[in-house]
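The values are calculated or read from the model by the stated rules, or taken from the named source; none is laboratory data. What you are looking at is a predicted structure, and each value in this text was computed from that prediction instead of being measured. With ideal geometry, Cβ positions are generated from the backbone for all residues, glycine too; neighbour counts draw on all protein chains shown. Side chains are part of the model used for accessible areas, which takes the heavy atoms of the whole protein and leaves out ligands, DNA and RNA. Shrake-Rupley method; radii C 1.70, N 1.55, O 1.52, S 1.80 Å.
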Amino acid sequence: MNFTVIEKLVNDSISAGGIPSAVIAIGDCGGTIYKRAFGLSRYYPDTVKPKGVHPDRSYDGSVAATLDTVYDMASLSKLISTSMVALRLVEMGELCLSDTVNMFFEKSYDKGGISVKQLMTHQSGIAPYFDLSKGYSGGDIGAYVTEKILSVPLEYKTGEHVRYSCMGFILLGKIIESITGKNLDVLAQELVFDPLGMKRTGYCPKTNPRFAHSVTAPTEYDETSGRYIDGTVHDENARFQGGVSANAGVFSCVDDLCIFSEMLANHGATANGCFLSRNTFDAAITNITPWGEEYRGLGFALKDEGMYPTGELFSPLSYGHTGFTGTSLFVDRATGMYLIILTNRVHFTRESGDLYRLRRRIGNAAISEYTRSGR
């Protein structure tokens, strides 16, 4: 297959200063069929602040992106870590989708009746995002985070709307940890990354031996430290929690994401056996919120009729997730073709929105070329 249209789209965006780098992979249930790195994973040296959304090219100290470059997954962590851990625990009989918050925390305020299923499908009513660090005066950060999320009043009645909530997923992570007595990063490695053979996927790259000798793509310039965030999670709430959070914190590379995507394309199966049962997988990609503002499966975002990250040509209810730093992973429901896009678009500034349209253009080009080939 010839993906020259995609290559031109990515190279044009990099030349225009829309994104600094990208790694693109395309495949299906039979494996990866296209994989390429573009641009500079590090555009600026630490001493140089970014200059606008579309900067010029006058700086030294750049680093080329490669297929080995490790990217901050941002909210894609919700899918490849938290949701997969939750689904594995359901299969193990440790967790039920019908379990409610009041089963796990002595004081649940107005959150007691929220189910695990509602947390995974973003119908909880919990606010989308707020700064967890505000009000912290010391002590156990995990206990403080749980109490803060539980104590902030709901924004709407549970089950009335579908509104994406990082805070709801952080609470889901706290439920998972309370059940198992293990931290989320340990669970993700034991239940997801190791079984799938994802050798360079995990949390906290600076201290995690899985990332020894790896090069991470820097994200945004941090005014407090006077340096670019590099090897540390970009999301502020995940950073406050030491880099391990249910909403963000995972770092990974394209080869590991191809392994994960191939498992999805094979409906939960791998060459080494069944990672998720077919019943579990089918339940996870079912549209649980057809009445809502967004279509959601169990941890999966599903393609709706709106302006979707995959573009217009992916099949209805195609499934995957995106990340704020510039990551995305989607599988076309009809063909099983997967598309991985990794960028560190916030390296210039989080105000850059160029990637949003670029994702859709890449998605349309990828599925068109794939289906045209007759594969």
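Data for the structure
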| quantity | calculated |
| --- | --- |
| Estimated FRET transfer efficiency when R0 is 56 angstrom, pair ASP282-ASP60 (beta carbons, to 0.05) | 0.60 |
| For the chain, calculated [θ]222 nm from helices alone, where every DSSP H run of n ≥ 4 adds -39500 (n - 2.57) | -8000 deg cm²/dmol |
| Per DSSP, loop GluC sites (Glu not before Pro) in the stretch 223-326 with at most 14 further Cβ within 10 Å | GLU223, GLU293, GLU305, GLU312 |
| Dipole magnitude (debye, nearest 20) for the chain, charges at Cβ of Lys, Arg, Asp, Glu | 440 |
| The stretch 152-267 pair-distance distribution - Cα-Cα, 5 Å bins, rounded % | 2, 10, 16, 19, 18, 16, 10, 6, 1, 0 |
| Added length on full extension, which subtracts the Cα-Cα distance from 0.36 nm per residue, ALA334 to LYS157 | 60.2 nm |
| Accessible heavy-atom area order of THR280, THR121, THR335, highest first, probe of 1.4 Å | THR335, THR280, THR121 |
| The chain, relative contact order in percent, only Cα pairs under 8 angstrom and at least six apart counted | 25 |
| Too-long pairs where the Cα-Cα distance tops 28 Å, listed order kept, from LYS206/LYS303; LYS107/LYS182; LYS51/LYS199; LYS117/LYS148 | LYS206/LYS303; LYS51/LYS199 |
| Bridge type composition, the chain - antiparallel percent by DSSP, nearest 5 | 95 |
| Per residue solvent-accessible surface (Å²) - the chain, probe of 1.4 Å | 39 |
| Rounded percent of accessible protein surface that carbon and sulfur make up, the chain, 1.4 Å probe | 50 |
| Heavy atoms of ASP12 accessible to a 1.4 Å probe, total area in Å² rounded to 10 | 70 |
| Cleavage-rule hits (trypsin sites (Lys or Arg not before Pro)) in the stretch 116-149: DSSP loop, at most 15 neighbouring Cβ within 10 angstrom | LYS134 |
| Relative packing of peptides 193-203, 211-221, 76-86 - highest average C-beta neighbours within 10 Å first | 76-86, 193-203, 211-221 |
| VAL48 accessible area, 1.4 Å probe, all protein chains in place, Å² to nearest 10 | 30 |
| Segments 245-254, 149-158 sorted - mean Cβ within 10 Å per residue, highest first | 245-254, 149-158 |
| Heavy atoms of ASP354 accessible to a 1.4 Å probe, total area in Å² rounded to 10 | 60 |
